[in-house]
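Heads up, the thing below is written out as structure tokens.
The values are calculated or read from the model by the stated rules, or taken from the named source; none is laboratory data. These numbers were taken from a predicted model, which means no experiment stands behind them. Reconstructed Cβ throughout: ideal geometry from the backbone, glycine too, with neighbour counts over all protein chains shown.
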Amino acid sequence: MKMKKRFTEEQIIGAVKRLEKGEPTRELSRELGVTMQTLYGWRRKFGGGSIARQPDLEKGELKKMVGPEVKRDSAVKVVERFQVSRRRACRILSLHQSTLQYKPKGRDDEEVKAKMKMFASRFRRFGRPRIHNELRKSGDPPKKNGI
């Protein structure tokens, strides 16, 4: 059984804002009835940002703000503009180097798609697994994770 939380997200953010304004931690902790360590944890978790940067309380983790594609583009711009190495740009942006080097593979499945459509039009009752088997029998197997 889950324990009910005593403070809502808004109350916690309000307490963190009061801490950031300079209110003494000891007084605030006495007023709220929590330990100073709890306030420090809240400040670490919720401090210095807008609501968009706040953690998802149900999952207990920070929401992703930027996807890998955007970070990849940003890293390339940092390398070009500031003349730094790719390694350094990755470190600055908290991006793994393999993410920067990744190039999506294009798929060349037009021939296989055409054969599958031909089988589907000739044998209307065939489903995808049977069409796959027919392609394999004809000597043109589709790729492992292909169509």
Practice prompt. For region 37-66, enumerate the residues that are at pLDDT below 80 and either under 14 Å from the mean Cα position of the chain (by Cα) or part of a helix (DSSP H, G or I) (or both).
Written response: Ile51, Ala52, Arg53, Pro55, Asp56, Lys59, Glu61, Leu62, Lys63, Lys64, Met65, Val66
Practice prompt. Would you mention how many residues in region 101-140 are within 30 Å of Val76 (Cβ to Cβ) and of a type outside the set (D, E, K, R)?
Written response: 4
